1. Ignoring everything except DSSP H segments at least 4 long, calculate the 222 nm mean residue ellipticity for the chain; use -39,500 (n - 2.57) per segment, divide by total residues, nearest 500.
2. Given axes a ≥ b ≥ c from the Cα gyration tensor, I'd like to know whether segment 1-119 is rounded (a/c under 1.5), prolate (a/b larger than b/c) or oblate.
3. Just to confirm a number: summing +1 for Lys and Arg and -1 for Asp and Glu over residues other than residue 59 whose beta-carbon lies under 11 angstrom from that of residue 59, what do you get?
4. What residues qualify as long-range amide H neighbours of residue 142, i.e. H under 5 Å apart, gap of 5 or more or another chain, H built at 1.01 Å from N?
5. If exposed GluC sites (Glu not before Pro) are those in a DSSP loop with at most 16 other Cβ within 10 Å, what is the longest stretch of the chain that has none?
6. For residue 34, give me every one of the aspartates and glutamates with a C-alpha distance below 13 angstrom, ignoring sequence neighbours fewer than eight places off in its own chain.
7. In debye, nearest 20, what is the charge dipole magnitude of segment 18-113 about its Cα centre with +1 on Lys and Arg Cβ and -1 on Asp and Glu Cβ, if you could check?
8. When the scattering of segment 69-119 is computed by the Debye formula from its Cα atoms alone, each counted once and equally, what is log10 I(q)/I(0) at q = 0.15, 0.28 Å⁻¹?
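What follows draws every value from the coordinates through simple rules; no lab data is involved. Note that the structure is predicted; figures quoted are calculated from it, not measured. Neighbour counts are summed over all protein chains in view; Cβ atoms, including those assigned to glycine, are modelled from backbone coordinates with ideal geometry.
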Amino acid sequence: MENDGKIHVYYGQGKGKTTAAVGQAVRALGAGFKVLVFQFLKDNVSSERTVLEKLPGVTCVPGRDKAKFYWEMSETERLEIKNYNKMMLDELIKLCDSFDVLFLDEVLCAVSLKVLDEDILLDFLRNKPRGLEVILTGHEVSGKVLEIASYATEMKKRKHPFDAGLEARIGIEY
């Protein structure tokens, strides 16, 4: 069967979305695939990025040096990040022809927070290069994205140290 490329979605309030997506990217890499990675709403210092950048066959496109949480942004900053995200997705679309896997970390969060236009993402997903596997992560996913997804896995939180007031820990949550 010819590989037409599938759309993978890891979403939900539970821990493990990025972790699962990184695992999928590593599996693809192990099969000789070339992987392109971009992290929306994150800076360039996550622990998974540190490893991915060292792997031959993986290209991590740099994001902003300093990333704020959405609730910390002013309206001006939100508009700025929306324009930035559109520009970055446009660049990734141009680059992805040379890759087998495109991993868009937190792209679903960018859409749900309205700092990336869902129609632009959907248009790309519907018209992506044949054979390209696309991995999407985020807390919430729309019915429109779910409809065109080939795989959809929901991570459901039952318990998390954050609920008890503990902050994210390097190497575990980021």
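1. -10500 deg cm²/dmol, from helical runs alone.
2. prolate
3. Taking every Cβ under 11 Å from that of residue 59, the sum is 0.
4. Under 5 Å from the amide H of residue 142: no residue qualifies.
5. My reading of the result: 54-139 is the longest stretch.
6. Cα-Cα hits under 13 Å: 53, 97, 100, 133.
7. Result for segment 18-113 is approximately 160 debye, rounded to the nearest 20.
8. Log10 of I(q)/I(0), two decimals: -0.44, -1.13.
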